[in-house]
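The values are calculated or read from the model by the stated rules, or taken from the named source; none is laboratory data. Predicted model only: the values in this text are computed from it and were never measured. Note that we place each Cβ from the backbone using ideal geometry, even for glycine, and neighbour counts take in every protein chain shown. Just the protein is used for accessible areas: all its heavy atoms, side chains included, with ligands, DNA and RNA removed. Shrake-Rupley method; radii C 1.70, N 1.55, O 1.52, S 1.80 Å.
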Amino acid sequence: MAFNDFFAGEIATELLKQLLSISRKSCLCKSSADNLITSIEELLPIINEIKYSGVELSAIRQSQLDRFSETLRGGLELARKVLASGRWNVYKNLQLARKMERLEKQVSRFVSGPMQAHLLADVHHMRFETMERFDRLEGRLEQRLNSMKIGAGGWVEEAVKRMEVEEEAGLGIFNGVGLDLGKSKVKKMIIGRDDLNVVGICGIGGSGKTTLANEICRDNQVRSYFNNRILFLTVSQSPDLQQLRARIWGFLTGNEAMGYTNNLFVPQGKLQCEWGSGPRTLVVLDDVWSLSALEQLIFRIPTYKTLVVSRFKFPTPVVNEVYNVELLREDESLSLFCHSAFGQKWIPPTANETLVKQIVHECKGLPLALKVIGASLRDQPEMYWASAKKRLLRGEPICESHENKLLERMAISVEYLNKKVKECFLDLGSFPEDKKIPLDVLINMWVEIHDIDEEEAFAILVELSDKNLLTLVKDPRVGDAYSSYYEICVTQHDVLRDLALHLSNQGDVNERKRLLMPRRDTELPREWERNTDRPFNAQIVSVHTGEMREMDWFRMEFPKAEVLILNFSSNEYFLPPFIDDMPKLRALIVINYGTNEAIFENFSVFTNLANLRSLWLEKTWVPQLTNPTVHMKNLRKLSMVLCKVNNSFNPSVIDLPLIFPRLSELIIDHCHDLIKLPSSICEVNSLQSLSITNCHRLCELPADLGMLKKLQILRLYACPELKMLPPRIGELIGLKYLDISQCFNLRCLPGEIFRLASLEKIDMRECSQIVSLPPQTALSNMKSLRRVICDDEVSWQWRYLEKTNPNLYVQVAEKCYSLDWLDG
């Protein structure tokens, strides 16, 4: 798609805004403005359809649209002049009115001519071609990945959007008699019964409980009743009750930030005290597994209601009334299955109707099973379907519970996966339930242990997403199609996670490929301790505990372990001594789900990580990286998220190039004590990507930053104390992507920026202090620049470059604020 396709849409939208203002303020131009508004409103959907179709128009059509873009450009300038013209300058206003009339005729001729029909025909043709090209994904992997890494969008982004569309369409089918009935009954309990403080939704895993709860939260009548005071929390099997109590208390008292920092002011006990009424409030507690946890999360306040979503039915004194989710009827099951398997609500003529209905029957009316098994059979030959039916019919339950039967039936959707794709699916069981998995962590792990490159890892990710085996979630901040995979997370339904665990935890514990703790516990599994006399041959080891002291660990040997995932919730954590017995360890992921940053003990184990290539630290104190202590000669990627880092970067004792001689990517995110980077970072010649984001006290970058000749990506997002970029940034000859968005106090772009000859994209949204750019003659030297995201105030200065750089697209960003990143 050519640049002008985007440009026409952006200009038409902006012109429409200006015309609406003219219609209200200018008497002489009102008639022309109203007619132009009508014409552009008719044309805008066509332009947008071309804009988002992603395919080139024919040369003739493109030239017509290019000429029309120039007409709109002139119209926008004319509209600005009309609005700026004084009321008493009659002669000038008459001239402008005549020009407006001429513009009206030009646009009208274009809209009423044959162009509209041609464009519509082209759009339908382009849609068909786009679908075909997506099926040939492999041929474009490398190009797409490079595009994604510099934040210009990509096919993972497409998968996110496609999943959102699929969810909406699937919900439309699922929103039949069953969901409507459930909504009606639950709404009656919530807003129609003042005597009910705590109500519940109960059903087996995958039956649509959470879908129903989300629909209740989105319902306009419910939102109006509670004046949008609705809090949705996921509790899970191993909850951090202290943090959840703080979140609820902060929400009730209007001090929501407290829930993310500390819980010193939260009342102790079961929180069932009676106090005066306040504003109506609804708190949804999803995925509750135990009565003891639930009792600690309930308040007894007249205007406060709790909706509990669980697989279990709790006693009436605790949960006053419960709606039991009903499984889908036969016709609803068939519609949902057909949507996943065929992309429509009915069985197509080419399909074997009897075979389809037999498979649907074996799904037992469970929405998740219908979606997952349907997606796994999509586009497969009839013999494949027949084999799947036989396997489903033979599936013997482990016990009589419906959920174990479900696991047996859903296993069929995994068995038919390509071997490597199946292994990647099973890896998802290594992460805690109901937590967002950073895409960075997942991709790094797959690259290290499955001998694949990033392109193939992304292809596997999209395939699992297309088969409904995971969900891609985009960071709410992004809100557009130009974000990179850096802002995407992965989530998984707990039944699918159970399936991964079920398949991984078979066989002799010492011979399992994955040694996993299914949920958080106070100690390591007894089964592990009983088998310490032999080495564990696991490739992935995942531990999920609370605070661990030296005496809590026992010696274990892991001669083949390549990935170690340490999940915990505590303020102190003794690193496991068995790290010394992991000679092949390539990826270490340490995530603290507690309230405060954890202090490490036994950091000396890091001295033996000679083969480590990827290290992810989250919500921890990073020990001081002194030269004799740590030497990670093979580390390629270091990520520090929500960490205390400042002391670890003491420039008087740290020599980064000595400690990390091969480091290619450094991520520092939400590290609020980082004030300035050590100058020695400029000597890490191997560094290709540097991301410093949401570091609110960072005020200074090294003056010699330009020494990083291999640097391709520089992200400085949301660093509000940063007031200037070092002048030598112009020496970053390999830089392709620069992100300085939400650096509110950044006053200007350095004049040397024009020397960034390789720069392809710059994101400078919400940089309110930057009101002027370096001279246009200097900026015109940036021949590789393809995209600029900026505020409206400086957009016109960038658009001047469009005359000399026809491949440049200037996007005016909308402001977006969210705290959803805290729901990790």
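For V641, the residues whose modelled amide H falls within less than 5 Å of its own, excluding neighbours fewer than 5 places apart on the same chain, are L617, E618, K619, D669.
Each residue of the stretch 191-196 is assigned a 3J(HN,Hα), and the resulting list reads 10, x, 10, 6, 7, 9 Hz, derived from the Karplus form 6.51 cos²θ - 1.76 cosθ + 1.60 (θ = phi - 60°), x at Gly and Pro.
Take the Cα of S772, step 7 Å toward its Cβ, do the same at E601, and the gap between the two points is 6.0 nm. Label zone (L241, point 7 Å along Cα-to-C-beta; backbone nitrogen cut-off 20 Å) within the stretch 564-585: 568-572. Annotation: amide H of E572 within the under-5 Å range of I599, sequence separation 5 or more or interchain, hydrogens built in the peptide plane. Modelled this way, with points 7 Å down the Cα-to-C-beta line, the labels at A84 and D180 are 5.7 nm from one another. The order of the peptides 695-703, 500-508 by mean Cβ neighbours within 10 Å, most packed first, is 695-703, 500-508. Residues whose amide H lies under 5 Å from that of N324, counting only those 5 or more places away or on a different chain, are C202; hydrogens are built 1.01 Å from N in the peptide plane. If R0 equals 51 Å, the separation of the Cβ atoms of R530 and N220 corresponds to a calculated FRET efficiency of about 0.35.
Couplings 3J(HN,Hα) of the stretch 499-506, computed from phi: 5, 4, 5, 4, 6, 7, 8, 9 Hz, in residue order, whole Hz [Karplus 6.51 cos²θ - 1.76 cosθ + 1.60, θ = phi - 60°; x for Gly and Pro].
Taking the average, over residues, of other Cβ atoms within 10 Å as the packing measure, peptides 771-779, 588-596 rank 588-596, 771-779 from highest down.
Across the stretch 699-823, the mean sequence separation of Cα contacts (distance under 8 Å, 6 or more residues apart), normalised by length, yields a relative contact order of 19 percent.
For the stretch 699-823, the solvent-accessible area works out to 43 Å² per residue, with a probe of 1.4 Å and every protein chain left in place. Only protein heavy atoms count here; under a 1.4 Å probe, H544 has an accessible surface of about 10 Å².
Going toward the positive end of the dipole of the stretch 699-823, with +1 on Lys and Arg Cβ and -1 on Asp and Glu Cβ, which of L701, P720, S758 do you reach last? Farthest towards the positive end: S758.
Of the residues E523, E557, the one with the largest accessible area comes first in the ranking E557, E523, computed with a 1.4 Å probe on protein heavy atoms. Within the accessible area of the stretch 699-823, the carbon and sulfur atoms contribute 53%, probe 1.4 Å, all protein chains present.
Highest mean first, the peptides 683-693, 379-389 sorted by other C-beta atoms within 10 Å per residue fall in the order 683-693, 379-389. If you plug the beta carbon distance of Q506 and T804 into 1/(1 + (r/R0)^6) with R0 = 56 Å, you get a FRET efficiency near 0.30.
Summary of the geometry: the stretch 295-350 and the stretch 539-592, compared by the centres of their Cα atoms, lie 38 Å apart. Since only V563, M551, V641 are under comparison, the one whose Cα sits farthest along the positive direction of the charge dipole of the stretch 512-652, derived from C-beta charges on Lys, Arg, Asp and Glu, is V563.
With a Förster radius of 60 Å applied to the beta-carbon distance between T316 and R73, the computed FRET efficiency rounds to 0.30. With a simple spin-label model that places each label point 7 Å from the Cα along the Cα-to-Cβ direction, the separation between N646 and K513 comes to 4.6 nm. Charge dipole (Cα centre; +1 on Lys/Arg Cβ, -1 on Asp/Glu Cβ; no other charges) of the stretch 699-823 amounts to roughly 620 debye. Largest accessible area first, the listed residues D466, D498 line up as D466, D498 when surface is computed with a 1.4 Å probe on the assembled protein chains.
Computed extension gain for K560 through S292, at 0.36 nm per residue and net of the alpha carbon distance, reaches 92.5 nm. Each residue of the stretch 751-761 is assigned a 3J(HN,Hα), and the resulting list reads x, 6, 4, 5, 7, 7, 5, 9, 5, 9, 8 Hz, derived from the Karplus form 6.51 cos²θ - 1.76 cosθ + 1.60 (θ = phi - 60°), x at Gly and Pro.
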